[in-house]
Amino acid sequence: MKNYDIVVVGAGPGGSIAAKVASESGYSTCLIEKESLANNGRYKACGGAMAWELIEEINYPEDKIGRIIESLELHHVDGEVFSKKGKGAVVWRDVFDKFLTNLATESGAILKDNEQLIKIKEVKAGYQVSTRKDEYNAKYVIAADGVSSPTLKLLNWPFFKSQDVILTITKEMNTTKSYIDKILGNDTVHLFFGIKDLIPVGYAWLFPKTKRITVGWGNQIDLVKNSRKEFEKFWTLPFVKEALKNSSMEIFKPHLIPVGLRPKLYEDNVFAVGDAGGMVDPISGKGIPYAMMSGQIAIETIKTCEKKDRLEKLGTTYEKSLDRRFLKILKAKRILRDKIFKDDENLKKFLKLWEKHRASEIVMKKLLD
Ligand SMILES: Cc1cc2nc3c(=O)[nH]c(=O)nc-3n(C[C@H](O)[C@H](O)[C@H](O)COP(=O)(O)OP(=O)(O)OC[C@H]3O[C@@H](n4cnc5c(N)ncnc54)[C@H](O)[C@@H]3O)c2cc1C
């Protein structure tokens, strides 16, 4: 039995940042990850797109970037194309996540990879967490184990509403850099929309990486009739067909994205962080920065409440801090999302606005109303 102040379950962006901040704050911290992080870590289905500000904020090395991005092309299936400028990057998630996990271990967190959490029970001093290999005791538990969060499932926390879950399919297609540069442009991500003829609530995408194209499709789960067939429909679009000509499939992976909050984000010293809590932009599906921020906020909450001896305020402090930093906007975006995907006319109005404005500006200034 090992005793820690904090056990973090899941070494994704949320868990690794939580473990880093916890160790830096002087808490003994154990980071448990079910996958082996030896060599290059593990594959994760993800576009891996992020704003350049985040790359700079964490000093992410340029040689670990899949591609530097300067623009987004927003295609509507009826042929209209909208363009959005802005610097960003696409990264490989195994490389990116491992970079963050290394920051956590360099700060003193103990990493237990290749260890899957299989049991958690409340004990007098906090929680007893069991993996397939060992047992750990901790006062606090950070559930950063993704959308399906085994931790929260074992604790009987409620799951997301079905209209708040997107089913995605990702295929990694090998091709050549010169062909990607020629067809997709060397610095452009392509998104595809169309409520009537492509996806009722969601979008599909082509993300250029070094010598691969990440092809993805995501639709609100309760509206999916036959995911493979619907995904295949996307491949028949002339632009997509041309882009994927002569490519070969390396990986195929379905995955869920939460686009609304879990009904509960905190209870009895357990914090839901990142996808486990549903902290994803409901319009774009962007979740990496929110996972990282919520990991940090969970630990700051513990620190603040311990310092003020107000442990009964852990839940409200966590939710208030999340709201202040980003959650209020995500909640407003969740309402806007229903408006955007009401019909193709609204969707195009949004795409036109998105060319020039950030989605947060569209929602806060009520530009779509
Ligand atoms: C197809 C797709 C495309 C996306 N594209 C983007 C994008 O371009 N940009 C963006 O910002 N976001 C994107 N997202 C969202 C982004 O991937 C998530 O929001 C982000 O990964 C959330 O981080 P997290 O740390 O909360 O969870 P995760 O990254 O899911 O990490 C959870 C970790 O917990 C581990 N784990 C699970 N169960 C256990 C267990 N029992 N014991 C121990 N460990 C466990 C997992 O192995 C995993 O490492 C995309 C998502 C999908 C599905």
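The condition (being part of a strand (DSSP E or B) and out of contact with any Cys (no Cβ under 8 Å at 6 or more places or on another chain)) is satisfied by just one residue among S23, S83, S36, S16: S83. Of all residues in region 349-369, those that are open to solvent by less than 50 Å² (accessible area, probe 1.4 Å) and charged (D, E, K, R) total 1. Could you check region 146-247 for strands (runs of 3 or more DSSP E) lying wholly inside it with 2 or more residues that are charged (D, E, K, R)? Counting at least 2 such residues, we get 165-174. When the residues of region 39-64 are filtered to those that are within 6 Å of the ligand (Cβ to nearest atom) and not in a loop (DSSP other than H, G, I, E, B), the one that is least open to solvent (accessible area, probe 1.4 Å) is M50. Can you tell me which residues in region 10-28 are within 15 Å of the ligand (Cβ to nearest atom) and within 18 Å of A125 (Cβ to Cβ)? Residue satisfying the conditions is A22 alone. When restricted to residues that are among the polar types (S, T, N, Q) and either outside the structural domain of V273 (by TED's automatic domain parsing) or open to solvent by 90 Å² or more (accessible area, probe 1.4 Å) (or both), region 312-339 contains 0. Among the residues of region 114-128, those identified as near the ligand (Cβ under 9 Å from one of its atoms) and buried (at least 18 other Cβ atoms within 10 Å of the Cβ) are E115, L117. Of all residues in region 151-187, those satisfying the criterion of being in contact (Cβ under 8 Å) with a residue 60 or more places away in the chain, open to solvent by 30 Å² or more (accessible area, probe 1.4 Å) and within 15 Å of the ligand (Cβ to nearest atom) are L155, F159, L167, K171.
The C-beta contact set for region 78-98 (first residue open to solvent by 50 Å² or more (accessible area, probe 1.4 Å), second residue among the β-branched types (V, I, T) and at pLDDT below 95, distance under 7 angstrom, 6+ apart or interchain) is empty. The set of residues in region 99-113 being crowded, with 20+ Cβ neighbours inside 10 Å and part of a loop (DSSP other than H, G, I, E, B) consists of A109 alone.
What about K253, is it within 20 Å of P150 (Cβ to Cβ), near the ligand (Cβ under 10 Å from one of its atoms) and surrounded by fewer than 23 Cβ atoms within 10 Å (Cβ to Cβ)? Yes. Of the helices (runs of 4 or more DSSP H) lying entirely inside region 274-369, the ones with 1 or more residues being at pLDDT 95 or above and under 14 Å from the mean Cα position of the chain (by Cα) are found at 288-307, 328-340.
The values are calculated or read from the model by the stated rules, or taken from the named source; none is laboratory data. Keep in mind that what you see is a predicted model, and the values were worked out from it rather than measured. Quick reminder, even Gly has a Cβ in these numbers, built from the backbone with ideal geometry, and neighbours come from all protein chains shown. Accessible surface is based on the protein model in full, side chains and every heavy atom, while ligands, DNA and RNA are left aside. Shrake-Rupley method; radii C 1.70, N 1.55, O 1.52, S 1.80 Å.
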